[in-house]
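This report concerns only the one structure given below.
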Amino acid sequence: MSRPTIAGVARAAGVSVASVSRVLNGLPATEEMVERVQRAVEELGYVPDARARSLKVGRTFQLTLAVADVGNPVYVTMMRAVEEVVSAAGYRLVVTTTGPDVVDEVALVRGMARGYADGLVISPLRVDEDLIKSIRECEVPVVVAGNVPAKAGVDTVRANSPKGIMLAVDHLVARGRRRIAFLNGPADTVPGAARAKGFADALKAHDLQPVAAAEATDFTFAAGRAAAPDLLGEQHLDAVMCANDLLAVGVMHELAARGLTVPGDVAVVGMDDSELAEQSFPPLTSVNLGSAERGRRAAELLLARIEDSGRAPRRIVVQPSLSVRKSTP
């Protein structure tokens, strides 16, 4: 008798192979789909390859990196760093997208119990009690590339965004820019909250008053371009601080559309110091939050946790630097 296949499960459940894969990998799916796939799996006695291999050798030698948006250059940089570390240790890296919703992050963490990977590095955009609980109870080691409360009791590697904002504002003020606006992403996200606080603290340190602030719907170029008109308005600005490079490039496009020059009329600073910062025109001054370093450290922590599950959790903070380019004078 031939061994059941994923295609057979799809036929028995009356769904596509892709839908079966989503359920087996713990990705978001409707309750009905999950029930149909699980019923077919039980009836056919299907065992995913990763789990079968795991039963033989105790490991799948596969690790997962979960990020909000694989199209964001900062995550690409992180992915390359993680892959370099884990591949040297004999692991294959699987990259997946959680999207912006915490419910999808929780579903992915809980889905790790299905046994298709030996560990997870997750960079959550939003964090709540359900996510913390799922990380704490996860059946495989989890490292968070981001900021979660210490009570989560897990290994974390995070950036120091507030310090990065301070470096950028110090730079702008030193060059005579004092009417500084701020374009953030969603403030209910981990990076959005940290960067909003950092900007407020930086203005206070220089005894400056807020000139204008706007919140984009996402940390993307399109969201930055859409939010820029409200930010710029009719007010006279001489600089804009942006919560990431994609938002900053969106602002620069809007400035160009208004006939304003960067940095002649308005200086612009981004965050992440991604490849996009060097590729934009003019090249973008940006806060380097150590994306590659965070990826390397997170991968190292995950490998260490796999080898020694009883070790005390570590919380690592990677310090920022400022890469000055032609978008500021």
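The values are calculated or read from the model by the stated rules, or taken from the named source; none is laboratory data. Note that the structure is predicted; figures quoted are calculated from it, not measured. Positions of Cβ are backbone-derived with ideal geometry, glycine not excepted, and every protein chain shown enters the neighbour counts. Heads up: the accessible areas ignore ligands, DNA and RNA and are worked out on the full protein's heavy atoms, side chains in. Shrake-Rupley method; radii C 1.70, N 1.55, O 1.52, S 1.80 Å.
Table for the structure above
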quantity: Filtered residue count, the range 211-236, keeping only those that are closer than 17 Å to ALA267 by Cβ and not hydrophobic (A, V, I, L, M, F, W, C); calculated: 3
quantity: Long-range neighbours under 7 Å by Cβ, at least six apart or interchain, first residue without any contact (Cβ under 8 Å) to a residue 40 or more places away in the chain and of a type outside the set (D, E, K, R) within the range 250-263, second open to solvent by 20 Å² or more (accessible area, probe 1.4 Å) and not in a helix (DSSP H, G or I); calculated: LEU255/VAL262
quantity: Search result, residues across the range 87-138 that are in a loop (DSSP other than H, G, I, E, B), open to solvent by 50 Å² or more (accessible area, probe 1.4 Å) and of a type in the set (Asp, Glu); calculated: ASP101, ASP128
quantity: Members of the range 196-246 that are in a loop (DSSP other than H, G, I, E, B), buried (at least 24 other Cβ atoms within 10 Å of the Cβ) and without any contact (Cβ under 8 Å) to a residue 60 or more places away in the chain; calculated: ALA216
quantity: Residue list for the range 102-154, filter: modelled with pLDDT under 85 and within 18 Å of ALA194 (Cα to Cα); calculated: VAL102, PRO149, ALA150
quantity: Evaluation of ARG175 against (1) more than 24 Å from the chain's Cα centre (by Cα); (2) under 24 Å from ILE132 (Cα atoms) (one fails), failing number; calculated: (2)
quantity: Strands (runs of 3 or more DSSP E) fully within the range 273-329 counting 3 or more residues that are open to solvent by 20 Å² or more (accessible area, probe 1.4 Å) and closer than 23 Å to PRO73 by Cα; calculated: 321-323
